[in-house]
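Trainee: The structure follows.
The values are calculated or read from the model by the stated rules, or taken from the named source; none is laboratory data. This one's a predicted model, so the numbers in the text were calculated from it and none came from an experiment. Positions of Cβ are generated from backbone atoms using ideal geometry, with glycine treated the same way; all protein chains shown enter the neighbour counts. Accessible surface areas use protein heavy atoms only, side chains included; no ligands, DNA or RNA. Shrake-Rupley method; radii C 1.70, N 1.55, O 1.52, S 1.80 Å.
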Amino acid sequence: MAKDHKKTVIQRFALQILGTCFYTLYLLGALFPTSWWGTHFIAFLPPLWKYFFLIISGALIVYSFVKPNGFDLKESWQGISENKGNWLIGGITILIGIFMYQFPISGDYYGDAYKLVNVIHNRIDKIPPGTNDAFFTFSLSPWAGHSSVLAVVTYLAYFFGMTYQKAFLWLDTICGMLFVLSWLSFLRYYLENVTWKIILGLAGLTAPFMLIYFGHIESYAPVFLLFILWLMGTLIYLQSRKTSLLWGLVILLFICMKAHPVASLFLPAMGLLMVSHYFGEKKWGSYLLSAKGMMYWVLLPIFAIGAILYFFVFEDHKDPRELISTDMASERLFLPLFSPDPPLDKYNLLSFNHVFDYFNELFIWSPIALFLVIALLFFSKGKDSGKRFSIRITGLSLILFGSLFFMINPLLSMQMDWDLLAIPAPVFLTFTVVLVKELKPEKLALICLPICLALSFLTIPNFILHQTPTMHSQRLERLGVRMYITYYEWSSKVINYALRIPKTDRETYEKRKQKIIAELRPFATQNIDFEFARLLIEEGKYYLRIKKDYEKALSYLEQASPYFPYERNGLLYSMEGNFLLKRYQKAFENSLKLIDIGYPDEAKSFAIAIQCALEAELYKEALSLSEIYIKNWNDKASIQTVYERLNTGENIGSLKYLFARPE
């Protein structure tokens, strides 16, 4: 008895310390929001809100020490769960659905939302070409599922006369409500202890990945729903062993793979379920279903095939990682094992930056589930977990999903592709439920409850900040800075967009921009730093095209040039600015660089250079360029005239008037 009491005290203290460590990670997020991007949500709230959430969650952590036995839930809670459970679940589902619909993400830019920013307010009067093919064909290409879901959004927009944004909002809300309803109903059916039902309900409903259901302009809303349905169906099958349910899982898995090909990772689990159902009594079947059999005959062969694909088929271990020179994202599926050349040298598969980002991503999956998995595996009967088939089957899927997504190259950075990298979250949640079910840690439930409530309070700000343009803008700014320092690519795009979300005056915008530039300048590298150059070029573009302040525009463009001399827009805007200031010699020099990179395209770059040469009275150069142009394109009568009159010397001073001259 004394030994059991001592063990309980040690377990309780270990949980209290673990809960304190989790709380500390959110404090670090509040203090250092650039680095701790998976726990930094509180950092962007107004001071009063910030202190409210920190104090409430901190008080709950302290409570776990003051009241070591945790909350004492009355028996009435169990009665409510049994007698009023359906009404309670229905009410929660409707309430959360209202929040999902009424409070969509403000200025969504995560994942592929950036591609649709300019079209989400459009309505369509006919189904676009390719939509039916995307919906009615089956493919396992990486983006096939994305196209299938976009087809559903298109049908909603067309048949109901909605904008694309409204169609996404309805799809997200419906899928989100079904997710909530399914999750809570499953917990009510699968678990007996009401405290664990509450804890795991919070683990799913307050998980940061649930933001995908708040009007997110992406394809993941049905994907997460289908995945969690398949996983819950698997656990229900393992209890009932009904053949009809087993084959229903096969059909559902096909639909999951249609929604996202990564559902193929469920195939090993599906195969093992078949073996368990039809051959479980046979010696070879029993061995295959054991922990050792699954490791040697399922997991290791899959890893071996994956290694062959990684090293010898895709050869991604030495991939340059950059997207600037390729339009094929499929060429950049996995992170390289070795760092590419600067400025992309700070991020590879085993780099600290990637490992730390993936650690942050775990808090997007579900901080409560992460806390519980650690607690149950290390402080409960975790050593016995391999003896349960349900733990092995969900654990296998978690290992496969977790391993694959650790290797995936987050093309927009993990900070912006958090939704893609959160796909293992349904598997993680289900694995947590199975641990609770099989290990039966009933004594830990009341101890864990205040800690898990605290973690819920620390994740709620994630949903609040995304409804307010100012707070969302501040978060995106920090993500962009983190991207620049680590993953690098796309960082200037994110920062520039973040500054445009709130409709502030130009002075406020510039102060923020200059502060960011000053913060990043120590990390900037001359000659190769196209992202830092683009931050400056964006300002040059504004003063050139909007304010018509050509001198100030050129000052920004000249600042940008040392960091990436051949940035195409920087050269184009510099040419324009110098031309408009009648610095034709300088404009001509810029135009020659445009020819070197073939921008805006090869023909236009020559036409621009010819016009600049004529204005600068560089007739020999104009003749040479026009001759090349005529040989290659000869589609402009004006350039033919330039060539002929330069050859004859006829009235060459007026040739510049053949071109449209900007004012």
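Trainee: Checking the conditions here, which among I92, I98, I105 is aliphatic (A, V, I, L, M), assigned to a helix (DSSP H, G or I), at pLDDT 95 or above and open to solvent by less than 70 Å² (accessible area, probe 1.4 Å)? Walk me through how you get there before you give the answer.
Mentor: Numbers: I98 fails: open to solvent by less than 70 Å² (accessible area, probe 1.4 Å); I105 fails: assigned to a helix (DSSP H, G or I).
The unique qualifying residue is I92.
Trainee: Going through region 624-642 one residue at a time, which ones are over 49 Å from the mean Cα position of the chain (by Cα) and surrounded by fewer than 18 Cβ atoms within 10 Å (Cβ to Cβ)?
Mentor: The answer is S624, E627, A637, S638, Q640, T641.
Trainee: Then there is this: Could you look through region 196-221, keep only residues that are part of a helix (DSSP H, G or I) and open to solvent by 10 Å² or more (accessible area, probe 1.4 Å), and pick out the one that is nearest to A144 (Cα to Cα)? First the steps, then the outcome.
Mentor: First pass over region 196-221, keeping only residues part of a helix (DSSP H, G or I): 196-205, 208-213, 220-221.
After this cut, where a residue has to be open to solvent by 10 Å² or more (accessible area, probe 1.4 Å) as well, the list is 197-198, 202, 205, 220.
Numbers: K197: 36, I198: 37, L202: 33, L205: 28, Y220: 13 Å.
Restricting to residues being part of a helix (DSSP H, G or I) and open to solvent by 10 Å² or more (accessible area, probe 1.4 Å), the top hit is Y220.
Trainee: Which ones in region 288-325 are assigned to a loop (DSSP other than H, G, I, E, B) and at pLDDT 90 or above? Spell out how you get there, then give the answer.
Mentor: First, pick out the residues of region 288-325 that are assigned to a loop (DSSP other than H, G, I, E, B): 289-290, 314-315, 319-325.
Once the filter is applied, which keeps residues that are assigned to a loop (DSSP other than H, G, I, E, B) and at pLDDT 90 or above, region 288-325 yields L289, S290.
Trainee: Six or more apart or on different chains, Cβ atoms under 6 Å: show the pairs whose first residue is in region 217-229 and under 9 Å from F179 (Cβ atoms) and whose second is among the β-branched types (V, I, T) and in a helix (DSSP H, G or I).
Mentor: A221/I212
Trainee: In the set A607, A587, which member is crowded, with 17+ Cβ neighbours inside 10 Å, among the small types (G, A, S), modelled with pLDDT under 95 and more than 39 Å from the chain's Cα centre (by Cα)? So that I can check it myself, show each step before the final result.
Mentor: Numbers: A587 fails: modelled with pLDDT under 95.
Only one candidate qualifies: A607.
Trainee: Name the single residue, out of those in region 467-519 being hydroxyl-bearing (S, T, Y) and part of a helix (DSSP H, G or I), that is farthest from the chain's Cα centre (by Cα).
Mentor: Quick first cut of region 467-519, residues hydroxyl-bearing (S, T, Y) only: 468, 470, 473, 484, 486-488, 491-492, 497, 504, 508-509.
If we keep only those that are part of a helix (DSSP H, G or I) as well, we get 470, 473, 484, 491-492, 497, 508-509.
Details: T470: 20, S473: 16, Y484: 16, S491: 14, S492: 17, Y497: 16, T508: 28, Y509: 26 Å.
Selected residue: T508.
Trainee: Pull out all pairs, ordered by first then second residue, where Cβ-Cβ is under 7 Å, the residues are six or more apart or on different chains, the first lies in region 27-56 and is open to solvent by less than 60 Å² (accessible area, probe 1.4 Å), and the second is small (G, A, S) and outside any helix (DSSP H, G or I).
Mentor: none
Trainee: Right, here's the next one. Does region 160-176 contain at least one residue that is surrounded by fewer than 18 Cβ atoms within 10 Å (Cβ to Cβ), among the aliphatic types (A, V, I, L, M) and farther than 28 Å from F431 by Cα?
Mentor: yes
Trainee: Next question. Can we say T525 is in a loop (DSSP other than H, G, I, E, B) and of a type in the set (V, I, T)?
Mentor: Numbers: in a loop (DSSP other than H, G, I, E, B): yes; of a type in the set (V, I, T): yes.
Yes.
Trainee: For E576, state whether it is among the acidic types (D, E), within 30 Å of D345 (Cβ to Cβ) and assigned to a helix (DSSP H, G or I).
Mentor: Spelling it out, it is not the case that E576 is among the acidic types (D, E), within 30 Å of D345 (Cβ to Cβ) and assigned to a helix (DSSP H, G or I).
Trainee: For region 256-265, state whether one or more residues are free of Cβ contacts under 8 Å to residues at least 40 places away in the same chain, open to solvent by 50 Å² or more (accessible area, probe 1.4 Å) and out of contact with any Ser or Thr (no Cβ under 6 Å at 6 or more places or on another chain).
Mentor: No, because not a single residue in region 256-265 is free of Cβ contacts under 8 Å to residues at least 40 places away in the same chain, open to solvent by 50 Å² or more (accessible area, probe 1.4 Å) and out of contact with any Ser or Thr (no Cβ under 6 Å at 6 or more places or on another chain).
Trainee: Next question. Among the residues in region 124-134, are any surrounded by fewer than 19 Cβ atoms within 10 Å (Cβ to Cβ) and under 13 Å from K166 (Cα atoms)?
Mentor: So in region 124-134, the residues surrounded by fewer than 19 Cβ atoms within 10 Å (Cβ to Cβ) come out as 124-130, 132-133.
With the extra rule that they be under 13 Å from K166 (Cα atoms), the set shrinks to 124.
Within region 124-134, one or more residues are surrounded by fewer than 19 Cβ atoms within 10 Å (Cβ to Cβ) and under 13 Å from K166 (Cα atoms).
Trainee: Another question, then. Could you tell me whether any residue of region 522-535 is open to solvent by 40 Å² or more (accessible area, probe 1.4 Å) and farther than 22 Å from S491 by Cβ? Full working, then the answer.
Mentor: If we filter region 522-535 for residues that are open to solvent by 40 Å² or more (accessible area, probe 1.4 Å), which is where we start, we get 522-523, 525-528, 534.
Among the residues that remain, those that are also farther than 22 Å from S491 by Cβ are: none.
Within region 522-535, not a single residue is open to solvent by 40 Å² or more (accessible area, probe 1.4 Å) and farther than 22 Å from S491 by Cβ.
Trainee: Regarding region 463-473, can at least one residue be identified that is open to solvent by less than 10 Å² (accessible area, probe 1.4 Å), polar (S, T, N, Q) and over 29 Å from L350 (Cβ atoms)?
Mentor: Scanning region 463-473, I find at least one residue that is open to solvent by less than 10 Å² (accessible area, probe 1.4 Å), polar (S, T, N, Q) and over 29 Å from L350 (Cβ atoms), so the answer is yes.
Trainee: From the list I393, I423, exactly one residue is modelled with pLDDT of 95 or more, out of contact with any Ser or Thr (no Cβ under 9 Å at 6 or more places or on another chain) and closer than 19 Å to C256 by Cβ. Which is it? Even if it seems obvious, please write down each step before you answer.
Mentor: On the way: I393 fails: out of contact with any Ser or Thr (no Cβ under 9 Å at 6 or more places or on another chain).
After ruling out the rest, the residue left standing is I423.
Trainee: On to the next question. Looking for something in contact (Cβ under 8 Å) with a residue 40 or more places away in the chain and acidic (D, E) - is there at least one such residue anywhere in region 533-545?
Mentor: Scanning region 533-545 turns up at least one residue that is in contact (Cβ under 8 Å) with a residue 40 or more places away in the chain and acidic (D, E).
Trainee: Collect the residues in region 483-497 that are at negative phi, in contact (Cβ under 8 Å) with a residue 60 or more places away in the chain and either in contact with a Leu (Cβ under 8 Å, 6 or more places away or on another chain) or open to solvent by 20 Å² or more (accessible area, probe 1.4 Å) (or both), keeping them in residue-number order.
Mentor: Let us first name the residues in region 483-497 that are at negative phi, namely 483-487, 489, 491-497.
Imposing the further condition that a residue be in contact (Cβ under 8 Å) with a residue 60 or more places away in the chain reduces the set to 483, 485-487, 489, 491, 493-494, 497.
Hits for region 483-497 are I485, E489, K493, V494, Y497.
Trainee: What number goes with the only condition from (1) touching a helix residue (DSSP H, G or I) at 6+ places or on another chain (Cβ under 8 Å); (2) in a loop (DSSP other than H, G, I, E, B); (3) open to solvent by 60 Å² or more (accessible area, probe 1.4 Å); (4) not β-branched (V, I, T) that N647 does not pass?
Mentor: It is condition (2) that N647 fails.
Condition check ((1) within 24 Å of I391 (Cβ to Cβ); (2) part of a helix (DSSP H, G or I)) across all residues:
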{"position": "M162", "(1), (2)": "no, no"}
{"position": "Q165", "(1), (2)": "no, yes"}
{"position": "L169", "(1), (2)": "no, yes"}
{"position": "I174", "(1), (2)": "no, yes"}
{"position": "R188", "(1), (2)": "yes, yes"}
{"position": "G233", "(1), (2)": "yes, yes"}
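Trainee: From the set of residues in region 80-138 that are aromatic (F, W, Y) and out of contact with any Lys or Arg (no Cβ under 8 Å at 6 or more places or on another chain), which is nearest to W183 (Cα to Cα)?
Mentor: Our first condition is that a residue be aromatic (F, W, Y); within region 80-138, this holds for 87, 99, 101, 103, 109-110, 114, 135-136, 138.
Within this subset, residues satisfying the condition of being out of contact with any Lys or Arg (no Cβ under 8 Å at 6 or more places or on another chain) are 87, 99, 101, 103, 109-110, 135-136.
Details: W87: 15, F99: 17, Y101: 19, F103: 22, Y109: 28, Y110: 25, F135: 27, F136: 29 Å.
Once the filter is applied, the top-ranked residue is W87.
Trainee: Sticking with this structure for a sec: I'm checking my understanding of the structure. Among residues of region 52-89 that are within 15 Å of L455 (Cα to Cα) and of a type in the set (F, W, Y), which one is modelled with the lowest pLDDT?
Mentor: Step by step, filter region 52-89, then rank; the result is Y63.
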